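S.K.: Below you will find the structure I want to go over with you.
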Amino acid sequence: MSSNTSATRGARARAREEVTAAIKDEARKQLAADGAAKLSLRAVARELGMVSSALYRYFPSRDDLLTALIIDAYDSLGAAAEAAHAQSAGQEPVRQWTAVCEAVRAWALAQPHEYALIYGSPVPGYSAPDTTVRAAARVGLVLIGIVRDAHQGRGVAFEPLPAELRTEGERLAADLAPDLPPATITAMVAAWAQLFGLVGFEVFGQFNRIVEARPEFFAHAAAQLAHGVGLLRQS
């Protein structure tokens, strides 16, 4: 392969990346203005000065564009959680947990429309494909890792599961973290739901005229979630 051919292909790849990024940026503007349900490839193409047929070469359908935006949002949120975990390395498990939770909150408040895309109301007619799973799991994997490290060290404190929940707890543990006790994983699934419930209440305005000291309230609630999954304070 000649150097000219390689240079041409490289230039084409860069051009495609730039157009793809521009399409996504315009689509995010539409999300902010009108919501995901009204996302339109034709409108995106019009704003970019493209014909619709040209845009379809990048995203064959609205659902393909939505999927790309969803994966980007999950990856951005996951990267924020992972960075917070790295920065809190060496601190007690409860502090690591709350640092990650606070990073999730900060990301959501900075990108409320992207947060709404991944944790808001489902988009009518859209079903997320399996390609979104890896990105969606990143925050959960960070939190599981914190609990796993604690379990391998001092351990975690947890209440035994009631008999009627043992089968479900064992299934959850087998699916999510077979090396952790079913009671711990069951508590973590509940904490996961509560974490995003807390964040969603703030992002979507349900705390208006109710909670005023929101950073302090969230930090306290996140610490309670840490205790709920069995993390122990070191002091």
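The values are calculated or read from the model by the stated rules, or taken from the named source; none is laboratory data. Predicted model, so just to flag it, every value in this text is computed and none were measured. Cβ coordinates were reconstructed from backbone atoms using ideal geometry, including for glycine residues, and neighbour counts include every protein chain displayed. Ligands, DNA and RNA are stripped out before the accessible areas are found, and what is left, the full protein with its side chains, is counted by its heavy atoms. Shrake-Rupley method; radii C 1.70, N 1.55, O 1.52, S 1.80 Å.
S.K.: How much length, in nm to one decimal, is gained on full extension between A54 and L165, taken as 0.36 nm per residue of separation minus their Cα-Cα distance?
M.R.: Taking A54 through L165 to full extension adds about 34.6 nm, to one decimal.
S.K.: Here is a further query. Hey, can you find the accessible area per residue of the chain for me, probe 1.4 Å, expressed in square angstrom?
M.R.: Values: 12770 Å² over 235 residues.
Averaged over the residues of the chain, the accessible area is 54 Å².
S.K.: Still on this model: Given Cβ point charges of +1 (Lys, Arg) and -1 (Asp, Glu) and nothing else, what value in debye, to the nearest 20, does the dipole of region 43-177 about its Cα centre take?
M.R.: On the way: 11 positive and 16 negative charges, 40 e Å.
Magnitude of the dipole: close to 200 debye.
S.K.: Test of understanding: what is the full-extension gain from D34 to A15, defined as 0.36 nm times their sequence separation minus their Cα-Cα distance? Could the numbers behind the result be given before it?
M.R.: Numbers: separation 19, 0.36 × 19 = 6.84 nm, distance 2.84 nm.
Residue separation times 0.36 nm, minus the Cα-Cα distance, leaves 4.0 nm.
S.K.: Moving to a separate point now. With n ≥ 4 as the cut-off for DSSP H runs, can you work out [θ] at 222 nm for the chain, using -39500 (n - 2.57) per run divided by the number of residues, rounded to the nearest 500? Write out the running numbers ahead of the final one.
M.R.: On the way: 11 runs with 163 residues, N = 235.
Helix contribution divided over all residues of the chain: -22500 deg cm²/dmol.
S.K.: Something else now. Specify whether the C-alpha gyration tensor of region 122-163 places it in the rounded, prolate or oblate class, a ≥ b ≥ c being the square roots of the eigenvalues: rounded for a/c under 1.5, otherwise prolate if a/b is larger than b/c and oblate if not. List each step's numbers first, then the result.
M.R.: Values: a/c = 4.66, a/b = 2.01, b/c = 2.32.
Note, shape of region 122-163 comes out oblate.
S.K.: Can you tell me how region 62-135 classifies by the Cα gyration tensor, rounded, prolate or oblate, using a/c under 1.5 as the rounded cut? Walk me through the numbers before you get to the answer.
M.R.: Details: a/c = 3.02, a/b = 2.27, b/c = 1.33.
Prolate, because a/c is 1.5 or more and a/b exceeds b/c.
S.K.: Of the candidates P160, P182, P122, which one comes out as most mobile in a Gaussian network treatment of the chain with C-alpha springs shorter than 10 Å?
M.R.: Of P160, P182, P122, the Gaussian network model singles out P160 as fluctuating most.
S.K.: Take the Cα radius of gyration of the chain and divide it by 2.2 N^0.38 Å, with N its residue count; two decimals is plenty. Don't skip to the end; give the middle numbers.
M.R.: Values: Rg = 21.3 Å, N = 235, 2.2 N^0.38 = 17.5 Å.
Here the answer is 1.22, to two decimals.
S.K.: Taking only C-alpha pairs under 8 Å that are 6+ residues apart, what is the relative contact order of region 41-187 in percent? List each step's numbers first, then the result.
M.R.: Working: 108 pairs, mean separation 31.5, N = 147.
Computed value for region 41-187: 21 percent relative contact order.
S.K.: Using the charge dipole of the chain (Lys, Arg: +1 at Cβ; Asp, Glu: -1 at Cβ; taken about the Cα centre), state which of Q91, F217, Y119 has its Cα farthest towards the positive end.
M.R.: Of the candidates, Y119 comes out farthest on the positive side.
S.K.: Turning to a different aspect of this structure: Does region 122-235 come out rounded, prolate or oblate by the C-alpha gyration tensor, with a ≥ b ≥ c the root eigenvalues, rounded set by a/c under 1.5 and, if not, prolate when a/b is larger than b/c and oblate if not? The partial results should precede the final answer.
M.R.: Details: a/c = 1.87, a/b = 1.16, b/c = 1.61.
Oblate, since a/c reaches 1.5 and b/c is not below a/b.
S.K.: Quick one: angle between helix 138-152 and the longest Cα principal axis of the chain, in degrees between 0 and 90, rounded to 10, please.
M.R.: Relative to the chain, helix 138-152 is tipped by roughly 30 degrees.
S.K.: Can you work out the PRE-style zone for A190? Point 7 Å along Cα to Cβ, and I want the residues of region 146-173 with backbone N under 17 Å.
M.R.: 156-173
S.K.: Let me ask something else. Once fully extended, how much extra length lies between R209 and A43, figured as 0.36 nm per residue of separation less the alpha-carbon to alpha-carbon distance? Write out the running numbers ahead of the final one.
M.R.: Values: separation 166, 0.36 × 166 = 59.76 nm, distance 3.72 nm.
So the extension gain works out to 56.0 nm.
S.K.: Charges only on Cβ, +1 for Lys and Arg, -1 for Asp and Glu: so what's the dipole of region 7-58 about the Cα centre, in debye to the nearest 20? Walk me through the numbers on the way to the answer.
M.R.: On the way: 11 positive and 6 negative charges, 43 e Å.
Magnitude of the dipole: close to 200 debye.
S.K.: Another one. Which loop GluC sites (Glu not before Pro) in region 142-235, with loop taken from DSSP, have no more than 13 other Cβ atoms within 10 angstrom of their Cβ? Mind dumping the intermediate values first?
M.R.: On the way: sites: E164, E168, E170, E202, E212, E216; in loops: E212.
Hits after loop and neighbour filter: E212.
S.K.: Still on this structure: Taking the chain as a Gaussian network, Cα atoms linked when under 10 Å apart, which of E18, E102, E26 shows the biggest mean-square fluctuation?
M.R.: Greatest mean-square fluctuation among the candidates belongs to E18.
S.K.: What angle, in degrees between 0 and 90 and rounded to the nearest 10, separates the Cα long axis of helix 166-176 from the longest principal axis of the Cα atoms of the chain?
M.R.: 40 degrees
S.K.: Here is a further query. Quick one: if you stick a label point 7 Å off each Cα along the C-beta vector at V133 and S61, how many nm between them?
M.R.: For the pair V133/S61, the computed spacing is 2.0 nm.
S.K.: To the nearest 20 debye, what charge dipole does the chain have about its Cα centre, counting +1 at the Cβ of each Lys and Arg and -1 at the Cβ of each Asp and Glu? Let's see the in-between values first.
M.R.: Numbers: 23 positive and 25 negative charges, 140 e Å.
The calculation lands at about 680 debye.
S.K.: For region 125-235, give the percent of accessible area contributed by carbon and sulfur heavy atoms, probe 1.4 Å, rounded to a whole number. Display every interim value, and only then the final one.
M.R.: Working: 3580 of 6360 Å².
The computed percentage sits at 56.
S.K.: Let me ask you something else. How big is Rg to Rh over region 48-181, alpha-carbon atoms, Rh as the Kirkwood inverse-mean-distance radius?
M.R.: Details: Rg = 18.8 Å, Rh = 17.4 Å.
The Rg/Rh ratio comes out at 1.08.
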